[in-house]
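The values are calculated or read from the model by the stated rules, or taken from the named source; none is laboratory data. These numbers were taken from a predicted model, which means no experiment stands behind them. Backbone-built Cβ (ideal geometry, glycine too); neighbour counts: all protein chains shown.
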Amino acid sequence: MFGGKILNMRINLALIQIATKLGDVEANLEKHLGFVQQAKSEKVDLIVFPELSLTGYVLQDMVPAVAHRPVDDDPVFRPLLKASRDLDIVVGFVDEDARHRFYIGSAYLSGGQVVHVHHKLYLPTYALFDEGRFFTRGDAVRAFDTRFGRLGMLICEDFWHASPPYLLWLDGADLLLLASASPGRGLNEHDRLESARWVEGVNQAYANLFTSFVAHSNRVGYEDGMNFWGGATVFDPGGDLIAHGPYFEEAMVSAVVDLGHLRRVRARLPLLRDERTSLVQAELARIQAK
Amino acid sequence: MNIDLSIHTGLARKILTGFIRSEITRAGFSRALVGLSGGLDSAVSCVLAAEALGPGNVLAVRLPYRTSSPDSLEDATIVAEQLGVPLETIEITGMVEPLLERDSKIPNVRKGNILARARMIVLYDQSEVWKGLVVGTSNKTEILLGYTTLWGDMAAAINPLGDLYKTQLRQLARALEVPPSVLNKPPSADLWVGQTDEAEMGLRYDEVDKLLYLLVDQRCTPEDCVEAGFDRAYVEKVMLRVRRNHFKRLMPPIAKLSNRTVGYDFLYPRDWGT
């Protein structure tokens, strides 16, 4: 009658919608630490900041000036790593590698350690975007183990391509942490901008298709004439919306991610079990050989 | 093809007031000023600025010339009083007459440009006195068609209206409860007696906005527009206007000589560091 052993892991998740000071890492760090403190007092387990949360988005020639290494002796990461002894933290930053290439990065910090760094794979360089001019694209998409189980991180344009979330799903991620600095656009008669409707539709689709949790953290505020719309969301493995942040306002958006729900949904809907990776691989090989 | 320029005015209001608040305060100011003509565009800018910053922080400035329509002056007063913003009136007649008198046959276009630029001088000077930034009033239709005076009415610190077509601005004005006399009058730069935008350009806003929406927002080809029911000659006329006036939408090009040049490879957003 009942489904047997239930995984009883619940994550108190907080998605942070912040407006950043463009190019002022110290001021942004201070704001991060304030939210972390608040989250700690509210017993949050995992706090997720949006894309480039430590720097702002339209950086252009500021990129080298705001870059940091996610290591303990970095003045920005040291206090963040210290704070990660109390709760897990995802921050957005400009990562500079040893050979001075600059990446849009998300770092997962826990227990005073850097658990994983994701480099943005797809750098939009069209329409209002110019990321490819200033940044290097990442070349790996990997799920990683945390104290809550296996997770995956992606940044904005990464999840406009179906393959990165698909790969993370196959690599074992049951919770996708998506971070954006999504410029608001597409004003029409609807009460949401088109950009918000597109992103929310895509996130919900991934939750449904991958029977996984999909959490999206998006910034707010303005940079020159561009607005960022916020509206953080968490969809559960059944595709239901379990948290939705306000549009355009700074906020800490809380959700309880009940990992036991994965089992209930996947028992009903075994899409993961039935996924045919060999078929995908064979067909990709054929298509690439064309 | 469905051409619907309807906007959610509540959403526009939210974004635009947030924009004004953000961009004025991060530049180190708390105040703004708007040249209030009595027309629709400046009324909307003034309402948004008052909502964003508080009416006490927005100065409305009337800048009449001796031929300016008394109705417009009156409408500007009604808007300012309705909002509770301070109102200043600085007549520009005495400033511009000596220049106009140099040429008794001065055509209307030159005269109009002089008036628009004189108003810019006064507004920017008052900006220093008021310790506030000039909020612009140019809409997307004017900007695309170049129906504007370079360094005149285009001059502003920020522009909240530049991505709204005139017909969309009218929807927003209605939602913002701009007085009916302002809403219902024919759009006019009021640079000479009896001037109207539509007569001067030979275009109707309701029609040209739809065409611009197809060409610009929807990236349609001229053929697509003809198929959507627009006359080919009309499409070509509008496209030519958009192209010929593009210079008004850009800073003057700097001749590149060095390895790093402003505008080419010295690239920073305006909000740099704020």
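Here are the numbers:
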read-out	value
First in the range A:12-25 and more than 7 Å from chain B (Cβ to nearest Cβ), second anywhere and aromatic (Phe, Trp, Tyr) and part of a loop (DSSP other than H, G, I, E, B), Cβ under 8 Å, 6 or more apart	A:16/A:49; A:18/A:49; A:20/A:57
Criterion violated by residue A:79 - all others in (1) outside any helix (DSSP H, G or I); (2) closer than 22 Å to residue A:19 by Cβ; (3) of a type outside the set (Val, Ile, Thr) satisfied	(1)
One residue from A:110, A:106, A:180, A:195 being more than 14 Å from every other protein chain (Cβ to nearest Cβ), in contact with a Gly (Cβ under 7 Å, 6 or more places away or on another chain) and hydroxyl-bearing (Ser, Thr, Tyr)	A:106
Total residues in the range B:187-214, condition under 30 Å from residue B:35 (Cβ atoms) and either small (Gly, Ala, Ser) or not in a loop (DSSP other than H, G, I, E, B) (or both)	18
Options B:267, B:172, B:183; residue that is within 13 Å of another protein chain (Cβ to nearest Cβ), under 17 Å from the mean Cα position of the chain (by Cα) and hydrophobic (A, V, I, L, M, F, W, C)	B:172
Matching entry among A:223, A:157, A:200 (being more than 24 Å from residue A:93 (Cβ to Cβ) and among the charged types (D, E, K, R))	A:200
Residue A:65 vs. criteria within 14 Å of another protein chain (Cβ to nearest Cβ), assigned to a helix (DSSP H, G or I) and free of Cβ contacts under 8 Å to residues at least 12 places away in the same chain	no
Sole residue being buried (at least 17 other Cβ atoms within 10 Å of the Cβ), over 13 Å from residue A:229 (Cα atoms) and touching a residue at least 12 places away in the same chain (Cβ under 8 Å), chosen from A:154, A:170	A:154
First in the range A:122-144 and farther than 14 Å from residue A:183 by Cα and exposed (fewer than 14 other Cβ atoms within 10 Å of the Cβ), second anywhere and among the polar types (S, T, N, Q) and at pLDDT 95 or above, Cβ under 8 Å, 6 or more apart	A:132/A:125; A:133/A:125
Residue in the range A:156-169 that is more than 14 Å from chain B (Cβ to nearest Cβ), more than 17 Å from residue A:107 (Cβ to Cβ) and not in a helix (DSSP H, G or I) present	yes
Qualifying positions in the range B:235-245 - in contact (Cβ under 8 Å) with a residue 40 or more places away in the chain and in a helix (DSSP H, G or I)	B:238, B:241, B:242, B:244
Unique match (being closer than 21 Å to residue A:54 by Cβ and more than 14 Å from the chain's Cα centre (by Cα)) among A:135, A:210	A:135
Residue list for the range B:189-224, restricted to those being more than 15 Å from residue B:145 (Cβ to Cβ) and crowded, with 18+ Cβ neighbours inside 10 Å	B:190, B:191, B:220
Subset of the range A:198-226 (residues that are in contact with a helix residue (DSSP H, G or I) (Cβ under 8 Å, 6 or more places away or on another chain) and more than 9 Å from chain B (Cβ to nearest Cβ))	A:202, A:203, A:206, A:209, A:210, A:211, A:212, A:213, A:214, A:216, A:218
Residue within the range B:82-90 that is more than 26 Å from residue A:224 (Cβ to Cβ), polar (S, T, N, Q) and at pLDDT 95 or above present	yes
Matching option when the condition is over 21 Å from residue B:154 (Cα atoms), within 14 Å of chain A (Cβ to nearest Cβ) and at pLDDT 95 or above, among B:77, B:9	B:9
Some residue of the range B:56-67 being more than 19 Å from the chain's Cα centre (by Cα), among the polar types (S, T, N, Q) and more than 14 Å from chain A (Cβ to nearest Cβ)	yes
Flag for residue A:50 being away from chain B (no Cβ under 14 Å), surrounded by 15 or more Cβ atoms within 10 Å (Cβ to Cβ) and part of a helix (DSSP H, G or I)	no
Output for the range B:11-22, where each listed residue is surrounded by fewer than 20 Cβ atoms within 10 Å (Cβ to Cβ) and closer than 16 Å to residue B:167 by Cα	B:13
Meets criteria (among the β-branched types (Val, Ile, Thr), more than 14 Å from chain A (Cβ to nearest Cβ) and crowded, with 24+ Cβ neighbours inside 10 Å) for residue B:96	no
